[in-house]
């Protein structure tokens, strides 16, 4: 699926507006009104510091003001939350109401960024050599600006959807406190209740070697859990060593854990992930992916993929790994206490009781105590809705020829897990592409490609129209 430069530029032209592109990275020399609006909102959000100590209220109120000025009724714009400094924004675009609403979510908060660590001020929106720089440019004020600017565009066009469109921009996704989606579900579910949700934070496109290759749709997330292993010993003087050593016991248990693999367990999403991802592979990797996607699973093929590619291993099974260890109290004393943290990522249909039993069997030592210190609330997999998958398939094909669309299961976590647990299916979808070899979210000199930003805004505009329009008649599972 190699694309010539001419074809690549042709594919990235916005069909509705036809801007003129420069030769460098296909960046538009002139920007139309919609692009200017999206960029202006993007700039405003990046230049509002929404780190945990500052809160997101100023950003939420700034967006609320823009929506009000664009003609949205005040009754449909809600700035709500548990504390005045940490508020969420929820806006509703009214449709005919013939179907249940579709919800789009994003978070306003960002992780901390220190000026001395960056080449420029992280809270100043800067455009250099085809990139927008600033904290939150990829996680995820680009998407916030995307959603808001498209709501305003739809209103300017007097678009009347079949279903209401709800956009919720929330606080504390990065901090993990019980605000944001959790707070809205517990206190104002009426504002966000929907048939399903689109979460741009959970999906998007992948660039490799300068070319867009994959568009992902996140349908599920692994469940985070931590366990502590702890063992005690009477200790003693190091000049009188004994075999009953707490560090040795812990080491033996961890070695047993390192040699264990949870059973293969593929689901609807992971099977389709391997089936579709095989389209961009060759040789043994391609044939192994196809073998893994079939029934019954080819165990040898799965094991080859798992051994060579940790990211594929994590798609096929629950995983547990030692991440921290602490033990002993003096250089010249036998250790009395040793602890270790085991971090697990459970498949959506696994459960903490099962993993606890497995770990106890692996450790197989009555002198080592196993304690489950944290377990996130599990969320069910979102069924692969035909309307969502078809929409992403068709729009991707129209904008990025040859790009493979595939569902994925996230090995990390987003706010989507709370909605899934509350009975609202979530699909991670974004038109923003990022270079897999240059991921800067949460890091130094975070940046978003100018071309990729404007293409992503156009993609989301078309997706919002399609998923809320009368052409969508229900969401049968694939």
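The values are calculated or read from the model by the stated rules, or taken from the named source; none is laboratory data. This one's a predicted model, so the numbers in the text were calculated from it and none came from an experiment. No Cβ is skipped: glycine too gets one built from the backbone with ideal geometry, and neighbour counts run over all protein chains shown.
Residues of the range 325-354 being farther than 26 Å from residue 237 by Cα and part of a strand (DSSP E or B), which ones?
First, pick out the residues of the range 325-354 that are farther than 26 Å from residue 237 by Cα: 341-354.
The answer is 341, 342, 343, 344, 345, 346.
Tell me the strands (runs of 3 or more DSSP E) entirely within the range 64-182 that contain at least 3 residues that are in contact with a strand residue (DSSP E or B) (Cβ under 7 Å, 6 or more places away or on another chain).
Working: elements: 77-83, 86-93, 99-107, 126-128, 131-133, 163-170.
In the range 64-182, the matching strands (runs of 3 or more DSSP E) lie at 77-83, 86-93, 99-107, 131-133, 163-170.
Mind checking whether some residue in the range 228-246 is under 30 Å from the mean Cα position of the chain (by Cα) and closer than 30 Å to residue 439 by Cα?
no
For residue 413, which of the numbered conditions (1) out of contact with any helix residue (DSSP H, G or I) (no Cβ under 8 Å at 6 or more places or on another chain); (2) crowded, with 16+ Cβ neighbours inside 10 Å; (3) assigned to a helix (DSSP H, G or I) fails to hold?
(3)
Hey, can you tell me all the residues within the range 55-82 that are free of Cβ contacts under 8 Å to residues at least 12 places away in the same chain and within 23 Å of residue 447 (Cα to Cα)?
The answer is 58, and nothing else.
Taking the options 292, 355, 338, 321, name whichever one is over 26 Å from the mean Cα position of the chain (by Cα) and modelled with pLDDT of 95 or more. Spell out how you get there, then give the answer.
On the way: 292 fails: over 26 Å from the mean Cα position of the chain (by Cα); 355 fails: over 26 Å from the mean Cα position of the chain (by Cα); 321 fails: over 26 Å from the mean Cα position of the chain (by Cα).
One residue alone meets the criteria, 338.
Quick one: residue 378 ticks every box in (1) surrounded by 14 or more Cβ atoms within 10 Å (Cβ to Cβ); (2) assigned to a helix (DSSP H, G or I); (3) touching a residue at least 12 places away in the same chain (Cβ under 8 Å) bar one, so which box is it?
Failed condition: (2).
Restricting to the range 425-474, name every residue that is in the same structural domain as residue 156 (by TED's automatic domain parsing) and at positive phi.
The answer is 442, 445.
Determine, yes or no, whether residue 368 is modelled with pLDDT of 95 or more and under 18 Å from residue 230 (Cα atoms).
Working: modelled with pLDDT of 95 or more: yes; under 18 Å from residue 230 (Cα atoms): yes.
Taking the combined requirement at face value, the residue satisfies it.
Scan the range 438-460 and tell me whether some residue there is closer than 18 Å to residue 194 by Cβ, crowded, with 22+ Cβ neighbours inside 10 Å and either in contact (Cβ under 8 Å) with a residue 60 or more places away in the chain or out of contact with any strand residue (DSSP E or B) (no Cβ under 7 Å at 6 or more places or on another chain) (or both).
In the first step, residues of the range 438-460 are kept if they are closer than 18 Å to residue 194 by Cβ; the result is 460.
Of the ones still in play, those that are also crowded, with 22+ Cβ neighbours inside 10 Å are 460.
Still in the list and also either in contact (Cβ under 8 Å) with a residue 60 or more places away in the chain or out of contact with any strand residue (DSSP E or B) (no Cβ under 7 Å at 6 or more places or on another chain) (or both): 460.
Checked against the condition, which is being closer than 18 Å to residue 194 by Cβ, crowded, with 22+ Cβ neighbours inside 10 Å and either in contact (Cβ under 8 Å) with a residue 60 or more places away in the chain or out of contact with any strand residue (DSSP E or B) (no Cβ under 7 Å at 6 or more places or on another chain) (or both), the range 438-460 yields at least one hit.
Return the total of residues in the range 198-249 being part of a loop (DSSP other than H, G, I, E, B), closer than 30 Å to residue 388 by Cα and in contact with a helix residue (DSSP H, G or I) (Cβ under 7 Å, 6 or more places away or on another chain). If you could, list the steps in order and put the result at the bottom.
Step one: of the range 198-249, the residues part of a loop (DSSP other than H, G, I, E, B) are 199, 203, 209-210, 222, 233-235, 238-245.
Filter again for closer than 30 Å to residue 388 by Cα, leaving 199, 203, 209-210, 222.
From what's left, in contact with a helix residue (DSSP H, G or I) (Cβ under 7 Å, 6 or more places away or on another chain): 199.
Matching residues across the range 198-249 total 1.
Restricting the search to the range 316-343, which residues are more than 14 Å from residue 263 (Cβ to Cβ) and surrounded by 21 or more Cβ atoms within 10 Å (Cβ to Cβ)? Steps first, answer last, please.
Restricting attention to the range 316-343, the residues satisfying the condition of being more than 14 Å from residue 263 (Cβ to Cβ) are 321-343.
Result: 334, 335, 338, 340, 342.
Quick one: count up the residues across the range 250-274 that are without any contact (Cβ under 8 Å) to a residue 40 or more places away in the chain and in a helix (DSSP H, G or I).
3
Residue 366 versus (1) touching a strand residue (DSSP E or B) at 6+ places or on another chain (Cβ under 9 Å); (2) part of a loop (DSSP other than H, G, I, E, B): which is the lone unmet condition?
Here residue 366 clears every test but (1).
When you check residue 38 against the structure, is it out of contact with any strand residue (DSSP E or B) (no Cβ under 6 Å at 6 or more places or on another chain), outside any loop (DSSP other than H, G, I, E, B), within 23 Å of residue 178 (Cα to Cα) and assigned by TED's automatic domain parsing to the domain that holds residue 137, yes or no? Can you show your working first?
Working: out of contact with any strand residue (DSSP E or B) (no Cβ under 6 Å at 6 or more places or on another chain): yes; outside any loop (DSSP other than H, G, I, E, B): yes; within 23 Å of residue 178 (Cα to Cα): no; assigned by TED's automatic domain parsing to the domain that holds residue 137: yes.
Judged against the criteria, residue 38 is not a match.
Just one of 134, 106, 130 is surrounded by 24 or more Cβ atoms within 10 Å (Cβ to Cβ) and either on the phi > 0 side of the Ramachandran plot or outside the structural domain of residue 167 (by TED's automatic domain parsing) (or both); which is it? Before you say what the answer is, go through the steps one by one.
On the way: 106 fails: either on the phi > 0 side of the Ramachandran plot or outside the structural domain of residue 167 (by TED's automatic domain parsing) (or both); 130 fails: surrounded by 24 or more Cβ atoms within 10 Å (Cβ to Cβ).
From the options 134, 106, 130, the qualifying one is 134.
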